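**Q** Got a structure for you, questions after.
The values are calculated or read from the model by the stated rules, or taken from the named source; none is laboratory data. Not measured: the values here are computed from a predicted model. Note that we place each Cβ from the backbone using ideal geometry, even for glycine, and neighbour counts take in every protein chain shown. Only protein heavy atoms, including side chains, enter the accessible area calculation; ligands, DNA and RNA are left aside. Shrake-Rupley method; radii C 1.70, N 1.55, O 1.52, S 1.80 Å.
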Amino acid sequence: MIKVLFVCLGNICRSPMAEAVFRHQVKQAGLAEQIMIDSAGTGDWHIGHPPHEGTRKILDQYRIDYKGMQARQVRADDFIEFTYIIAMDESNVNNLAGFAPAERTGESRASIHKLLDFAPDRKLKNVPDPYYTGNFQEVYEMVEESCARLLAYVKEHHQLT
């Protein structure tokens, strides 16, 4: 099974949006039995909270399910359990280093990417945090496009049909 973890700062805006959008796309592609999706934050402020109201509103607008989603923090085990860890910005990538298991264990298998690495034609390289900007629609558009390209990448690299 391919496992994808989306990561942002607090796990209430960007990463749960990406989790829900990607899960929706994976389900539509008929690959829900082959790809597992989750999200987490590098911070611990929102553990146990549902997605931010702005994220819920935009997901409702596009009829994308987020039932049962609750914020959690990244764990060292995530680097072993997940195939891909997809960070929303460079700061998240840098923060992930503090959670990774010691290199000497040799157990880490996760490939770490930024979400917008999958949308190279976009000028922005980091998904802006709508918690601060309020622009949930712009973030949704970035997430939707990048997740579609991520899915194509995963399908190609793992010969999923």
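**Q** What's the center-to-center distance, using Cα atoms, between region 3-20 and region 89-161 in Å?
**A** 9
**Q** Also: In terms of Cα to Cα distance under 23 Å, which lysines are near enough to Lys123, apart from those fewer than 8 places away along the same chain?
**A** Hits, sequence-local ones excluded: Lys114.
**Q** Expressed as a rounded percentage, what relative contact order does the chain have, with Cα pairs under 8 Å and six or more residues apart?
**A** 27
**Q** Would you kindly state the longest site-free stretch of the chain, with sites defined as chymotrypsin sites (Phe, Trp or Tyr not before Pro) in a DSSP loop (not H, G, I, E, B) surrounded by at most 13 other Cβ atoms within 10 Å?
**A** 63-161
**Q** Take the Cα radius of gyration of region 40-100 and divide it by 2.2 N^0.38 Å, with N its residue count; two decimals is plenty.
**A** Region 40-100 yields a ratio of 1.25.
**Q** How big, on average over all directions, is the shadow cast by the Cα convex hull of the chain, in nm²?
**A** If I average the Cα hull's projected area over directions, I get 9.0 nm².
**Q** On the protein heavy atoms, probe 1.4 angstrom, tell me the percent of accessible surface of the chain carried by carbon and sulfur.
**A** Carbon and sulfur together cover 48 percent of it.
**Q** Of Arg149, Arg72, Arg23, which is the most mobile in a GNM of the chain whose springs link Cα atoms less than 10 angstrom apart?
**A** Its mean-square fluctuation being the largest, the pick is Arg149.
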